[in-house]
Amino acid sequence: QVQLVESGGGLVQPGGSLRLSCAASGRHFAIYKMGWYRQAPGKSRELAATITTTDSINYADSVKGRFTISRDNAKNTVYLQMNSLKPEDTAVYYCNAMWGLTTYWGQGTQVTVSS
């Protein structure tokens, strides 16, 4: 069993930055593919970025060049550095851990980009 706790969300002006963190409890964090997903009001949850156990990274086209995902296996934590934020980045951001058919989700953290 893995529990995921996100932090770092908040209100930021357009063009600003935020860093999200996701701390994982439980064992064997390093075996999980980790990801950040987001869900805007009235929309489906969508991929933002993923990072595999070998640090292979994938970004949604909408965040490429602005967001950076990273992981620290020693701290059981995955990060999402978000720069040049836009109002359309406003969403609840969810951390995800996946291994085989097993998937875990965090409770989400709100990111609001507004002037």
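What the table below lists for this structure:
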item	result
GNM top mover of THR50, THR102, THR90 - the chain, alpha-carbon springs below 10 Å	THR102
Within the range 18-115, trypsin sites (Lys or Arg not before Pro) in DSSP loop having at most 16 other beta-carbon neighbours inside 10 Å	ARG27, LYS43, ARG45, LYS64, ARG66, LYS75
Rounded percent of accessible protein surface that carbon and sulfur make up, the chain, 1.4 Å probe	49 percent
All aspartates and glutamates inside 18 Å of LYS75 as judged from Cα atoms, apart from same-chain residues fewer than 8 positions distant	GLU6, ASP55
Neighbourhood charge, 10 Å Cβ-Cβ cut-off, centred on ASN83 and excluding it, Lys, Arg +1 and Asp, Glu -1	+2
Positive minus negative residues near LYS33 (Lys, Arg vs Asp, Glu; Cβ under 14 Å)	0
Per-residue SASA entry for SER114, accessible area with 1.4 Å probe, Å² rounded to 10	60 Å²
Whole-Å distance, taken between Cα centres, linking the range 81-98 and the range 1-22	7 Å
GNM top mover of MET98, MET34, MET82 - the chain, alpha-carbon springs below 10 Å	MET98
The range 24-74 shape via C-alpha gyration tensor axes, a/c threshold 1.5	oblate
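The values are calculated or read from the model by the stated rules, or taken from the named source; none is laboratory data. If you're wondering where the values come from, they're calculated on a predicted model, not measured in any experiment. In this analysis, Cβ positions are derived from the backbone assuming ideal geometry, glycine residues included, and neighbour counts consider all displayed protein chains. For accessibility, only protein heavy atoms count, side chains too; no ligands or nucleic acids. Shrake-Rupley method; radii C 1.70, N 1.55, O 1.52, S 1.80 Å.
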